[in-house]
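Report on one structure; see the data block that follows.
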Amino acid sequence: MSYVDTDPWHNKRESTRRKVRCTIIIDGVDVTSRFDPHLLSVTAIDTLGGVDQCHIELDDRDGRLKIPVAWSSYVAVFIGWHSESTYYTFEGWVTDVESGFSRGTGGRRLWIDATGTPRNEGKSPSVKNWGEGAPPGQQEGQKIPLSQVLQEAAKAAGFTVQIGASFQNVMRDYWSMQTESFMHFGERLASELGGYFKIKGKTAYLRDAPDLSGGIEAVWGKNLIEWRIRPYIGRTQWGGSKQDHFNIAQSIWEETKKQFGGEGVFGGANAITQLPNPAPNASVAEQGNDGSNNFANAARGAGWVSINGEPQARGGMVVSVRGARPDVDGTYVIDEAHHKYERGGGYTTMLKLRFPMAKAPSGTEGGASPTLPQNP
């Protein structure tokens with residue numbers, strides 16, 4: 001496998017990425033110039049599901065830096081390149097401030113942590129039901145769409161919600177929040193349906209498929225700095241799923257099954273997974289099986305790559321790894337994108353990977369790694 005440069009634009013872009021721009025705004029005030037003599041590192045994390053985070057490390061050798069008030073200070077961080085107009089943006093609230101000292105590592109430090117989720121909204125438990133369930137003698141009653149349920153629950157908690165396309169048609173005859181917060185409710189539904197739940201600012205997201213509208217490249221000899229990837233993870237694999245449900249008409253318990261399938265090492269998995277609680281009917285059981293299938297596929301590979309700073313990288317996008325080696329090269333989903341600016345280290349992006357979507361054919365990807373030397 002010899003390296004062939006088929007993307008001169010990629011090389012040109014990397015050559016212009018020399019000067020980093022990192023802007024920090026607190027409570028609407030640009031504090032970049034004040035932080036600059038003290039700034040050691042900034043790490044902003046964009047997630048597929050969960051909570052976005054930001055971590056700022058400052059040199060507090062004189063112990064005179066002002067400590068932001070937790071939850072009262074709003075933080076915005078922009079990281080990118082001076083030669084480009086695209087920046088990664090984090091916005092959120094300061095959650096923790098920590099001071100520390102070590103004689104062997106440069107004296108006093110100040111760490112500021114922030115989160116993209118509001119302090120109070122969505123945390124209070126609630127009890128609410130949608131639908132009446134199945135009438136006597138019937139398997140199912142009048143169905144209510146998931147979109148209606150989440151929109152009403154989000155509105156009550158002070159949020160708006162965006163729902164992935166594959167979840168728009170999910171319906172059940174009964175939904176319930178049983179002393180759950182909106183955050184817990186969203187996480188539970190995502191777990192049942194094989195999706196990813198995230199709150200960013202005042203918007204909640206129930207995501208399904210990765211964002212295929214844009215992609216990130218991690219290419220040997222161009223922007224790929226480091227990688228650790230497990231292309232096959234066998235222990236977490238399942239051959240299928242089953243869910244129990246009660247057939248009212250026949251007064252018997254039934255099983256709804258789904259085979260996951262898979263190629264190569266994944267085709268040999270035959271263990272069966274099952275959600276902890278029975279489903280109320282066959283359609284809900286099928287939804288549980290589909291969700292288990294999605295999570296099994298997502299766990300077939302994992303790892304991370306470190307690349308030159310890429311401000312466009314977001315959780316849920318896909319990354320094409322090329323030139324690492326055969327059976328590792330391919331397309332993965334970004335679980336987390338860590339944008340880090342560090343004094344002396346510049347701007348790098350670490351991408352946590354999962355859900356290997358496709359493997360590149362050996363020797364066909366640009367940026368191929370060097371071949372092994374031949375035995376004498």
(message) Considering only residues that are open to solvent by 20 Å² or more (accessible area, probe 1.4 Å) and in contact with a Pro (Cβ under 6 Å, 6 or more places away or on another chain), which ones fall in the stretch 284-317?
(response) ARG300
(request) Please go through the stretch 54-81 and pick out each residue that is buried (at least 16 other Cβ atoms within 10 Å of the Cβ) and among the small types (Gly, Ala, Ser). (result) SER73, ALA76, GLY80
(request) Go through the residues of the stretch 24-31 one by one and say whether even a single one is under 27 Å from LYS222 (Cα atoms) and touching a strand residue (DSSP E or B) at 6+ places or on another chain (Cβ under 9 Å). (result) no
(request) Give the residue that is nearest to ALA282 (Cα to Cα), with candidates limited to residues of the stretch 126-149 that are in contact (Cβ under 8 Å) with a residue 12 or more places away in the chain and open to solvent by 90 Å² or more (accessible area, probe 1.4 Å). (result) GLN138
(request) Test GLN237 against the stated conditions and say whether it is of a type in the set (S, T, N, Q), in contact with a strand residue (DSSP E or B) (Cβ under 6 Å, 6 or more places away or on another chain) and under 29 Å from GLY50 (Cα atoms). (result) no
(request) From (1) open to solvent by less than 50 Å² (accessible area, probe 1.4 Å); (2) in a strand (DSSP E or B); (3) not hydrophobic (A, V, I, L, M, F, W, C), pick out the condition that doesn't hold for GLU84. (result) (2)
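For (1) in contact with a helix residue (DSSP H, G or I) (Cβ under 8 Å, 6 or more places away or on another chain); (2) at pLDDT below 90, each residue gets a yes or a no:
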{"site": "GLY80", "(1), (2)": "no, no"}
{"site": "GLU91", "(1), (2)": "no, no"}
{"site": "ARG119", "(1), (2)": "no, yes"}
{"site": "LYS128", "(1), (2)": "yes, no"}
{"site": "LYS143", "(1), (2)": "no, no"}
(request) List the number of the failed condition for SER99; all other conditions in (1) more than 30 Å from GLU187 (Cα to Cα); (2) polar (S, T, N, Q); (3) out of contact with any Phe, Trp or Tyr (no Cβ under 9 Å at 6 or more places or on another chain) hold. (result) (3)
(message) Just the residues that are over 21 Å from the mean Cα position of the chain (by Cα), within 19 Å of ASP208 (Cα to Cα) and not charged (D, E, K, R), please, taken from the stretch 154-196.
(response) ASN169, VAL170, MET171
(request) Please specify each residue of the stretch 150-170 satisfying the condition of being within 21 Å of LEU275 (Cα to Cα) and surrounded by 19 or more Cβ atoms within 10 Å (Cβ to Cβ). (result) PHE167, VAL170
(request) Consider TRP111 carefully, then state whether it is open to solvent by 50 Å² or more (accessible area, probe 1.4 Å) and in contact with a strand residue (DSSP E or B) (Cβ under 6 Å, 6 or more places away or on another chain). (result) yes
(message) Condition (residue is buried (at least 19 other Cβ atoms within 10 Å of the Cβ), touching a Pro at 6+ places or on another chain (Cβ under 8 Å) and within 16 Å of GLY194 (Cβ to Cβ)) applied to the stretch 256-270: is it met by at least one residue?
(response) no
(message) Within the stretch 185-251, considering only strands (runs of 3 or more DSSP E) that don't extend past its boundaries, which have at least 3 residues that are at pLDDT 90 or above and open to solvent by 50 Å² or more (accessible area, probe 1.4 Å)?
(response) 224-230
(request) Scan (1) in contact with an Asp or Glu (Cβ under 6 Å, 6 or more places away or on another chain); (2) under 18 Å from GLU342 (Cβ atoms) for the single condition PHE35 breaks and write down its number. (result) (1)
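The values are calculated or read from the model by the stated rules, or taken from the named source; none is laboratory data. As the structure is a computational prediction, the values presented were derived from the model and not from experiment. Heads up, the Cβs are rebuilt from the backbone with ideal geometry, glycines too, and the neighbour counts pull from every protein chain shown. These area figures cover heavy atoms from the full protein model, side chains too; ligands, DNA and RNA do not enter into them. Shrake-Rupley method; radii C 1.70, N 1.55, O 1.52, S 1.80 Å.
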